[in-house]
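Remarks on the structure that follows.
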Amino acid sequence: MSPRHQLYIGGEWVRPSTGATIEVISPHTEQVIARVADPAQADIDRAVAAARRAFDTGPWPRLAPAERVALVRRLVEAYRAREEELAQLITAEMGAPITFARSAHARLPGVMMGAFADTAAGYRWQETRTGFLGRDVVVRHEPVGVVAAIIPWNMPMFLTVAKLIPALLAGCTVVLKPSPETPLDARHMAELLDQVGLPPGVVSILPGGRVAGRHLVAHPGVDKVSFTGSTPAGRQVAQVCGSALRRVSLELGGKSAAIALDDADPAAVATGMMVAGLMNGGQACVAQTRILVPARRATEFADALVAEVESLCVGDPSDPATRVGPMVSQRQQQRVRAYIDLGLRSGARLLVGGTGLPDGIDRGWYVRPTLFAGVDNSMRIAREEIFGPVLSLIAYTDDEHAVTLANDSEYGLSGSVWSPDIERATAVARRVRTGTLGINEPYSMDPVAPFGGVKNSGIGREFGTEGLESYLDTMSLSIRPTTANSTVPQPATAAPTTSRPQRADRS
Ligand code: NAD
């Protein structure tokens, strides 16, 4: 167990520069369950300095890619051995139902790590192109440098892995700042990294608040910022990175639409929406909270959805039967209830749920899973990200209207289209301006599939080759042999070129 009063900086547990602490409060009991060190600016400076040194002069960026892959594979083994412990931690700190915590919060990141390692193992780190000017050109993919990775609390280990592992595989050094709501899983990852033995300075993990985040983003020692969070915060991060000409990737908010075509099965759509709209208590960037249904069958879809929402078990997140747990914080609970109130005041029809606490619950930051019908796409509950268990049914007249409504949003992150006619569903799906979309599936997400948004949902992609490349820069080497016998040398980090097609180096 890591020392709670210490911080993980540059691969060591160290004494923080101040005695400030973060209280971790159970969303279920509202009791303090842990206190951990709160990083100050001096601690962040120390972490960036360590990452800078490790990048500029340490071994990590200079290892052969295969050596970094081997270390990540060791991390996967260490991770898997403690998966259940991690699921329990995440349930305790942010209230995710334990069954979902085991699968999505704990098991899935381990699968992702393995998949990212496979992607790096098969990546073409170097290629030689026949130049137009009489010489070969060697194109190298080099690590981008010191990465500041900032994540929110809603899927903490999933998002840690989505940034940290591709950045490490690329050869970057990383200062990760998780949210103050979820420092326990962050310490868990620090313990695992400690166990597998990275070179000094390569990773620091400092869960802290916005002030810490702002300081890190603006730090002159940082080469690239990878940010996941709300769109307003992402805008601020982009401004700072813009003026510093610092590379930045942004994974931001969403208000995604599920389109049930007029031949879709209401029961299948309703079941899918319990995942697509309500997983993690609706605290998901990919949540599809606008359910577009054909006007002439609106009642059928509404009935199927009401039956599903009413069947959800809401309560103690440590109970394996629970499907919807509490919101992460009192602030989040109040925010979601305010949106339910807004929906009622703007004339939407409440089918199930409401602003009160769920039946039988008298403490904890719970919200009743809520379904509105008769929602107009111009209402604020249809336009703004609520980040809680609140779904809106919006009626459309024909496929054209459905596509128009889906695209009438400042966001474009996720979505789904439902129909037994795959050709028709695919044609509709291709017209939706979004980064990812599932057809007859709650969402599209796979460690090999690029993930990210369009419009205000962000810039850049994570996962797959694209995710790895977001931590790489390219370098062109043009070499003129000076004697008849001289050959073009391979750069120091590359393994010997083999006789593969395209003269590619994958090692
Ligand atoms: P948030 O924007 O308030 O905070 C996210 C993280 O950024 C936290 O670690 C926070 O401390 C830090 N932060 C906030 N302002 C900052 C600033 N100006 N500079 C640097 N760091 C700053 O978001 P939240 O409420 O913690 O999380 C929910 C949001 O995250 C939702 O909008 C959700 O859609 C989004 N999200 C997006 C994705 C995605 O992949 N697109 C995934 C999960 C969550």
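The values are calculated or read from the model by the stated rules, or taken from the named source; none is laboratory data. These figures come from a predicted structure and were not determined experimentally. Every residue, glycine among them, receives a Cβ derived from its backbone with ideal geometry; neighbour counts consider all protein chains shown. What goes into the accessible areas is simple: the full protein's heavy atoms, side chains included, and nothing from ligands, DNA or RNA. Shrake-Rupley method; radii C 1.70, N 1.55, O 1.52, S 1.80 Å.
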Task: Selection within the stretch 397-424 - over 27 Å from the mean Cα position of the chain (by Cα) and assigned to a helix (DSSP H, G or I) - done: ASP399, GLU400, HIS401, ALA402, THR404, ILE422, GLU423, ARG424
Open item on the list: Between a residue in the stretch 1-28 that is modelled with pLDDT under 95 and any residue that is assigned to a strand (DSSP E or B) and open to solvent by 70 Å² or more (accessible area, probe 1.4 Å), which pairs come within a Cβ distance under 8 Å, given they are 6 or more apart or on different chains?
Closed with: ARG4/ARG35; HIS5/THR21
Open item on the list: Scan the stretch 417-433 and tell me whether some residue there is open to solvent by less than 70 Å² (accessible area, probe 1.4 Å) and within 16 Å of the ligand (Cβ to nearest atom).
Closed with: no
Open item on the list: Just to verify a result, which residue in the stretch 115-132, among those that are free of Cβ contacts under 8 Å to residues at least 60 places away in the same chain and open to solvent by 10 Å² or more (accessible area, probe 1.4 Å), is farthest from VAL76 (Cα to Cα)?
Closed with: PHE132
- [ ] Scan the stretch 439-450 and give yes if some residue there is outside any loop (DSSP other than H, G, I, E, B) and in contact (Cβ under 8 Å) with a residue 40 or more places away in the chain, otherwise no.
- [x] no
Task: Pick from the stretch 198-217, criterion more than 8 Å from the ligand (Cβ to nearest atom) and of a type in the set (A, V, I, L, M), ranking: farthest from the chain's Cα centre (by Cα) - done: LEU198
Task: Test result for TRP13, under 18 Å from LEU198 (Cβ atoms), open to solvent by 40 Å² or more (accessible area, probe 1.4 Å), in contact with a Leu (Cβ under 8 Å, 6 or more places away or on another chain) and not small (Gly, Ala, Ser) - done: yes
Open item on the list: Filter the stretch 138-189 down to the residues that are part of a loop (DSSP other than H, G, I, E, B), within 13 Å of SER226 (Cβ to Cβ) and touching a Ser or Thr at 6+ places or on another chain (Cβ under 6 Å) and list them by number.
Closed with: ILE151, PRO152
Task: Wholly within the stretch 196-280, helices (runs of 4 or more DSSP H) carrying at least 3 residues that are closer than 18 Å to ARG52 by Cα - done: 210-217
Open item on the list: Pairs please, first residue from the stretch 37-56 and farther than 13 Å from VAL174 by Cα and touching a residue at least 24 places away in the same chain (Cβ under 8 Å), second anywhere and among the hydroxyl-bearing types (Ser, Thr, Tyr) and open to solvent by 30 Å² or more (accessible area, probe 1.4 Å), Cβ atoms under 7 Å, 6+ apart in sequence or on different chains.
Closed with: ALA37/THR21; ASP38/THR21; ALA40/SER17; ALA40/THR18; ALA42/SER17; ASP43/SER17
Open item on the list: Given the condition in the same structural domain as GLN288 (by TED's automatic domain parsing) and touching a Pro at 6+ places or on another chain (Cβ under 7 Å), answer yes or no: does some residue in the stretch 420-439 qualify?
Closed with: no
Task: Hits in the stretch 436-487 (condition: charged (D, E, K, R) and either over 22 Å from LEU278 (Cα atoms) or within 11 Å of the ligand (Cβ to nearest atom) (or both)) - done: LYS455, ARG461, GLU462, GLU466, GLU469, ASP473, ARG480
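Out of the residues in the stretch 281-320 that are part of a loop (DSSP other than H, G, I, E, B) and without any contact (Cβ under 8 Å) to a residue 60 or more places away in the chain, state the one that is nearest to the ligand (Cβ to nearest atom).
LEU312
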Open item on the list: Here's a check for you: in the stretch 220-257, which residue that is more than 17 Å from the chain's Cα centre (by Cα), within 11 Å of the ligand (Cβ to nearest atom) and in contact (Cβ under 8 Å) with a residue 24 or more places away in the chain is nearest to ARG433 (Cα to Cα)?
Closed with: ALA238
- [ ] Working only within the stretch 69-98, note down all residues that are of a type outside the set (A, V, I, L, M, F, W, C), in a helix (DSSP H, G or I) and surrounded by fewer than 22 Cβ atoms within 10 Å (Cβ to Cβ).
- [x] ARG73, ARG74, GLU77, ARG80, GLU83, GLU84, GLU85, GLN88
Task: Filter result for ARG461 (closer than 19 Å to CYS285 by Cβ and assigned by TED's automatic domain parsing to the domain that holds GLY234) - done: yes
Task: Every residue from the stretch 411-446 that is under 17 Å from LYS255 (Cβ atoms) and touching an Asp or Glu at 6+ places or on another chain (Cβ under 9 Å) - done: TYR411, LEU413, SER416
